[in-house]
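To start, the structure under review is shown below, and the notes come after it.
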Amino acid sequence: MKRTIKTIITLFTALLIAIPAFASNESDDIRTVNIKGMDNMKFDVTLIEAEPGETIKIVFETKSDMPPQTMSHNIAIVDLGTDTDAFAQASMSARDNEFIAPDYEDQVIFNTPMLGGGESVEMEFTVPETKGDYDFVCTFPGHYMAGMVGILRVQ
């Protein structure tokens, strides 16, 4: 009888320890979006639909056989109301700052580092609460002008 009670208490204790571990698994709530930057200076995903306040994991990869000095990519999502043209133009010359213009850093919601061919990165960010279409661009020189753009649609 003592052994049965002891077994029940042990199982009950193990259950109490296990339940919070399963309940607090936050990674189940994080949606992953895979995006590739390619040699044609395009993203393979140009629309990300999201809910306000949602956490998203971006898995970004550059697909290129060219040297990184001539073909690298990043993703920079800018805030609503940002002059995306001016941001991209200014960022092209900001090599020392991962091609993100220092004057616009406060208007960047999310950005990846610049990645050469075969490189990838996984990063999480929280989607803004304000609904709208947020531009995302590659700021490597010439890529924005070639059409390397997309939209984060918060709805």
- Residue in region 63-81 that is touching a residue at least 60 places away in the same chain (Cβ under 8 Å), among the aliphatic types (A, V, I, L, M), on the phi < 0 side of the Ramachandran plot and not in a loop (DSSP other than H, G, I, E, B) present: yes
- Message: For region 92-128, give me each residue that is in contact (Cβ under 8 Å) with a residue 60 or more places away in the chain, β-branched (Val, Ile, Thr) and over 16 Å from ARG153 (Cα atoms).
- Response: VAL121
- Item | Cross-chain or 6+ apart pairs with Cβ under 7 Å, region 129-155 first and touching a residue at least 40 places away in the same chain (Cβ under 8 Å) and closer than 20 Å to MET114 by Cβ, then basic (Lys, Arg) and surrounded by 15 or more Cβ atoms within 10 Å (Cβ to Cβ) | GLY147/LYS42; MET148/LYS42
- In the set VAL121, VAL149, VAL127, the lone residue that is under 27 Å from ILE30 (Cβ atoms), under 12 Å from the mean Cα position of the chain (by Cα) and surrounded by fewer than 19 Cβ atoms within 10 Å (Cβ to Cβ) is VAL121
- Query: Quick one: would you say GLU105 is among the charged types (D, E, K, R) and modelled with pLDDT under 95?
  - Reply: no
- Pairs under 6 Å by beta carbon, first residue of a type outside the set (Gly, Ala, Ser) and part of a helix (DSSP H, G or I) in region 24-50, partner modelled with pLDDT under 95 and surrounded by 12 or more Cβ atoms within 10 Å (Cβ to Cβ), six or more apart or different chains? none
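The values are calculated or read from the model by the stated rules, or taken from the named source; none is laboratory data. All values derive from a computational prediction rather than experimental measurement. Here Cβ is always computed from backbone atoms with ideal geometry, including for glycine, and neighbour counts include all displayed protein chains.
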